[in-house]
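Just below is one structure, and these are the notes that go with it.
The values are calculated or read from the model by the stated rules, or taken from the named source; none is laboratory data. Values in this document were obtained by computation on a predicted structure and should not be read as measured data. Please note: Cβ atoms are built from the backbone with ideal geometry, for glycine as well, and neighbour counts cover all protein chains shown. Ligands, DNA and RNA are stripped out before the accessible areas are found, and what is left, the full protein with its side chains, is counted by its heavy atoms. Shrake-Rupley method; radii C 1.70, N 1.55, O 1.52, S 1.80 Å.
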Amino acid sequence: MLLLARDDKSGLESKVVWIRDSRTRGDNIPLSRTVIDKTVKGGLAILTNDPQSDERFSSSKSISDYRIKSVLCVPLEAQQRILGAIY
């Protein structure tokens, strides 16, 4: 999923979504706002192959609710400004 900053700077919106599972709709993709916030605010990529036991996400309800098995979230940055993230 490609998330880009809104023009009014009110947050991020999804621009490109690739779904492997045809039963999942584009507006119902499991993602963790905690992961996205940590990536965008910290400007650092996050990679974990076991988010269920990763202490950074212990408060993330979506990680446990959707039983997310791995996470990769990378900030998109240009000229020292975060433009969005690839999740």
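Tally Lys/Arg at +1 and Asp/Glu at -1 over every other residue whose Cβ is under 13 Å from the Cβ of K61; what's the total?
Residues close to K61 contribute a combined charge of +1.
With a 1.4 Å probe and every protein chain kept in, tell me what percent of the accessible surface of the chain is carbon plus sulfur.
48
Using modelled amide H (1.01 Å from N, peptide plane; none on Pro or chain starts), what sits under 5 Å from the amide H of L76, excluding residues fewer than 5 places away?
So L76 has HN proximity to L83, G84, A85, I86.
By how many nm would the segment from S59 to R81 grow when fully extended, if each residue of separation counts as 0.36 nm and the alpha-carbon distance is taken off?
Working it through step by step, the gained length comes to 5.2 nm.
For the chain, compute Rh as the Kirkwood radius over C-alpha pairs and then the Stokes-Einstein diffusion coefficient at 25 °C and 0.890 mPa s; write the answer in µm²/s, rounded to an integer.
181
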